[in-house]
1. So, of the residues in region 93-106 that are in a helix (DSSP H, G or I) and in contact (Cβ under 8 Å) with a residue 60 or more places away in the chain, which turns out to be farthest from Thr18 (Cα to Cα)?
2. Would you point out the residue of region 3-38, among those that are in contact with a helix residue (DSSP H, G or I) (Cβ under 8 Å, 6 or more places away or on another chain) and part of a loop (DSSP other than H, G, I, E, B), that is farthest from Trp208 (Cα to Cα)?
3. For Val64, indicate whether it is in the same structural domain as Asp180 (by TED's automatic domain parsing) and closer than 15 Å to Gly17 by Cα.
4. In region 159-192, which residues are in a strand (DSSP E or B) and farther than 17 Å from Gln7 by Cβ?
5. Just to be sure I understand, how many residues within region 1-30 are at pLDDT 95 or above and surrounded by fewer than 17 Cβ atoms within 10 Å (Cβ to Cβ)?
Amino acid sequence: MSARLDQPELVVFDVDGTLQDTFQWWPRVIRAAVKLFGERHGLEIAPPDDASACAVVGLADAEVWGPFLPASHAGRWLELREFAVPLEIAELHAGRDYLFDGVRALLGHLRQLGVRVALASNCRARYFAAVCEGQGLGELSDWQYCLDSQGGCTKAEMVALALEAAGTSHAVMVGDRETDQAAARAAGLPFVWRVQEHAALRDPDGRWHGDPDELLGLMGFPAICS
């Protein structure tokens, strides 16, 4: 185990694809939003397949919405987002648990150990509130940051805000996307890649395949049932 990963005082987690299995529901929601958008504006838009939908999870703004529109209408991604966000909010508040198996136990265990937990997500405030409230991530974490926090911030700035709030530089970033890894590197933090098929990252400081005890072991903490 790298000394840089050894028992951090703070763990900063990405959300979509890392803590939440967004891939379960997002393809269905974006297909519905694209259909509504096309009907409203008289456009024939092919519904995205699961792979195309999942490829944008964890990206931000135009990178998320633009790929689902014809090239001649790609600049209208904000309009498409307005069709999708209410569907997302309804899905996340529908009483279904979309967190990956073991995530609730993992976050609770970290906090029992005295480790602080922050969320850093490349999403906007309305969606983020639905995740934090509808999926319970707000009560399982100490700080929550998104693109609208502090009047607007990047993933790297979210990590910096979390470090400042926790009053420590002894931290680890856990995420599944290049933006997560870049944010960790900008802050001088070790990065653990939450391995998933929709992104392939090079040279993380650790790889986590989803088992809570695997991540705890990487960071030098006792297993949940030990």
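1. Within region 93-106, the subset in a helix (DSSP H, G or I) is 103-106.
Adding the requirement that they be in contact (Cβ under 8 Å) with a residue 60 or more places away in the chain leaves 103, 105-106.
Numbers: Val103: 9, Ala105: 15, Leu106: 12 Å.
Looking at residues that are in a helix (DSSP H, G or I) and in contact (Cβ under 8 Å) with a residue 60 or more places away in the chain, I get Ala105.
2. Among those residues, the one meeting the criterion is Trp25.
3. Details: in the same structural domain as Asp180 (by TED's automatic domain parsing): no; closer than 15 Å to Gly17 by Cα: yes.
Considered against the rule, which asks whether it is in the same structural domain as Asp180 (by TED's automatic domain parsing) and closer than 15 Å to Gly17 by Cα, Val64 comes out as no.
4. Start the filter on region 159-192 by keeping residues that are in a strand (DSSP E or B), which leaves 171-175, 191-192.
Within region 159-192, just Gly175 meets the criteria.
5. The initial filter retains those residues of region 1-30 that are at pLDDT 95 or above, namely 7-30.
Narrowing the set further to residues that are surrounded by fewer than 17 Cβ atoms within 10 Å (Cβ to Cβ) leaves 7, 9, 24, 28.
Number satisfying all stated conditions: 4.
The values are calculated or read from the model by the stated rules, or taken from the named source; none is laboratory data. Here the structure is a predicted model, which is why all the values come from computation and not from measurement. Please note: Cβ atoms are built from the backbone with ideal geometry, for glycine as well, and neighbour counts cover all protein chains shown.
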